[in-house]
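Q: Take this structure first; my questions come after.
The values are calculated or read from the model by the stated rules, or taken from the named source; none is laboratory data. What you see is a predicted model, and the numbers here were worked out from it, not measured in a lab. As a convention, Cβ positions derive from the backbone with ideal geometry for all residues, glycine included, and neighbour counts pool all protein chains shown. SASA here: full protein model, heavy atoms, side chains in, ligands and nucleic acids out. Shrake-Rupley method; radii C 1.70, N 1.55, O 1.52, S 1.80 Å.
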Amino acid sequence: MKKSWLSTLLLVGSLSMPIQALAQPQTGSVEALLQRMGQTSQSSTYELSFININSQGIVPIRYRHTLIDGKPLAQLMQMDSTRREIVQRGDEISYFEPGLDAFSLRNDHIVDYIPSIIYQNFNELSDYYNFIDAGRTHIGDIPSRVVRVLSKNNDRYDYVLFIDEERYLPLRVDLLDKNNDIIEQFRVITVNEGNEVKTELNSLRTVNMPPLLLVPKAKPLVYNWSVSQLPEGFKEVKRSNHQISETEFSQSILFSDGLFDFSIYVNKSGQQVNSPERDKMLRYGRNTIYTYVKEGNEITFIGQLPFPTAQAIVNSVVFTKK
């Protein structure tokens, strides 16, 4: 039997609205509730219509998911503009966008538009996050548990999750900055369950998907600089060289904790000392951009961390003489 419900539409202005007062907290393990949400999101058959709201506007999305023969089959479609579509079959994610060549990549879930916190190992996150039971509320007349995910060292952004008490699916996810303002919001409008969703997805099993992009194994890159101060849990993922002119290259290192990513870019600067004109900070949605000149090198941070954390990371970059 197909089940659906309709939530109250979210107005753009609500991005700056405070979270409503909540009922008394429930008993039970908050961490277990989060784990069950993650497991349900990756093992159930359902369809979500949701909106993703950030500084660039509102994007309406339809997402379908099921398991067939123990393997995930999912489809995400942008409902306006370019009608971008992403399909998951097993561990292959295929991207289709008008005007561009289709391609496939390996991953265990679709990462676009869906909050990455849904897929996390919360036992590992507990090393640098506190999980707070914030009680109960209703989303579109659906009883929901509310969980705050707060950075222990105040060096990351925070989350508030609203989880369906019956289905254990996420209904709303707010990404908060250090002023408790909402940077991004994932808000479910409708949920459908039942055999119809599985039947519609099953037709994707016979569709020819684009070829898998093979990323060549890069040679180890050795730099004369390193980052000496990282927030707990962040690890180096990869190094890259980027050509910015015929004679100039920028070096970069990507770091991730599985939830947030950031990159440090270093290239030569004409200045030997720092200058106020070169010490710049900008926040664009969830991304912080910070540039600083040190020892004749321009260091740029681009990533999903608060400005004080970005500044501390950039200031910790040390150079060694070749």
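Q: May I ask you to give the percent of accessible area on the range 117-167 that is carbon plus sulfur, with a probe radius of 1.4 Å?
A: That fraction is 35 percent.
Q: While we're here: How high is the FRET efficiency between Asp91 and Glu295 when r is their beta carbon distance and R₀ equals 45 Å, given to the nearest 0.05?
A: 0.55
Q: Regarding the range 114-238, what are the three Cα extents along the principal axes, ordered largest first, in Å?
A: 57, 46, 25
Q: If we count every other residue with Cβ under 10 angstrom of Ile93's Cβ, Lys/Arg +1 and Asp/Glu -1, where does the sum land? Walk me through the numbers before you get to the answer.
A: Details: positive: Arg89, Arg106; negative: Asp91, Glu92, Asp108, Asp112.
Residues near Ile93 contribute -2 overall.
Q: Going by the alpha-carbon gyration tensor, a ≥ b ≥ c the square roots of its eigenvalues, is the range 182-322 rounded (a/c under 1.5) or, if a/c is not under 1.5, prolate (a/b greater than b/c) versus oblate?
A: prolate
Q: Please work out the FRET efficiency for the pair Val222 and Asp69, using the Cβ-Cβ distance as r and a Förster radius of 45 Å; give the result to the nearest 0.05.
A: About 0.50, to the nearest 0.05.
Q: For a quick size check, give me the Cα extents of the range 86-188 along its three principal axes, largest first, whole Å.
A: For the range 86-188, the Cα spread along each principal axis is 45, 35, 26 Å.
Q: Give me the distance between the Cα centres of the range 66-127 and the range 136-187, rounded to whole Å.
A: Centre-to-centre (Cα) distance: 21 Å.
Q: Shifting gears a bit: Report the local net charge at Phe122: Lys and Arg +1, Asp and Glu -1, summed over other residues whose C-beta lies under 12 Å from its C-beta.
A: -2
Q: Kirkwood hydrodynamic radius, the chain, all distinct C-alpha pairs: what's the number in Å?
A: 21.8 Å
Q: For the cross-link pairs Lys178/Lys280; Lys217/Lys280; Lys71/Lys219; Lys178/Lys268; Lys152/Lys219; Lys71/Lys238, which exceed 27 Å when the distance is taken from alpha carbon to alpha carbon?
A: Numbers: Lys178/Lys280 19 Å; Lys217/Lys280 35 Å; Lys71/Lys219 34 Å; Lys178/Lys268 33 Å; Lys152/Lys219 37 Å; Lys71/Lys238 29 Å.
Pairs exceeding 27 Å: Lys217/Lys280; Lys71/Lys219; Lys178/Lys268; Lys152/Lys219; Lys71/Lys238.
Q: Determine the gain in length on full extension of the stretch Glu31-His109; use 0.36 nm per residue of separation and subtract their C-alpha separation, reporting nm with one decimal.
A: 25.9 nm
Q: Also, I was wondering about something else. Given a Förster distance of 45 Å, report the FRET efficiency between Lys152 and Glu200 from their Cβ-Cβ distance, rounded to the nearest 0.05.
A: That pair, Lys152 with Glu200, gives E of 0.60.
Q: Same structure again: So for the range 54-138, what are the equivalent ellipsoid semi-axes in whole Å, largest first, each being the square root of 5 times an eigenvalue of the Cα gyration tensor?
A: After diagonalising the Cα gyration tensor, the semi-axes are 27, 19, 13 Å.
Q: A follow-up question, please. Separation between the Arg136 and Gln56 pseudo-spin-labels, each 7 Å from Cα along Cα→Cβ, expressed in nm?
A: That separation, rounded to one decimal, is 3.9 nm.
Q: Still on this structure: Within the range 145-164, what residues put their amide N at less than 13 Å from the label point 7 Å along the Cα-to-Cβ vector of Lys178?
A: 151-158
Q: Summing +1 for each Lys or Arg and -1 for each Asp or Glu, what net charge is found among the other residues whose Cβ lies under 14 Å from the Cβ of Val173?
A: Around Val173, the charge tally is +1.
Q: Additional query: Once you have the Cα-Cα distance between Gln243 and Met209, take 0.36 nm times their residue separation minus that, and quote the gain in nm to one decimal. Intermediate values should be presented prior to the final figure.
A: Values: separation 34, 0.36 × 34 = 12.24 nm, distance 3.25 nm.
Once the chain is fully extended between Gln243 and Met209, it gains 9.0 nm.
Q: For labels at Lys321 and Met79 in the simple 7 Å Cα→Cβ model, what's the distance in nm?
A: Distance between the two pseudo-spin positions: 6.3 nm.
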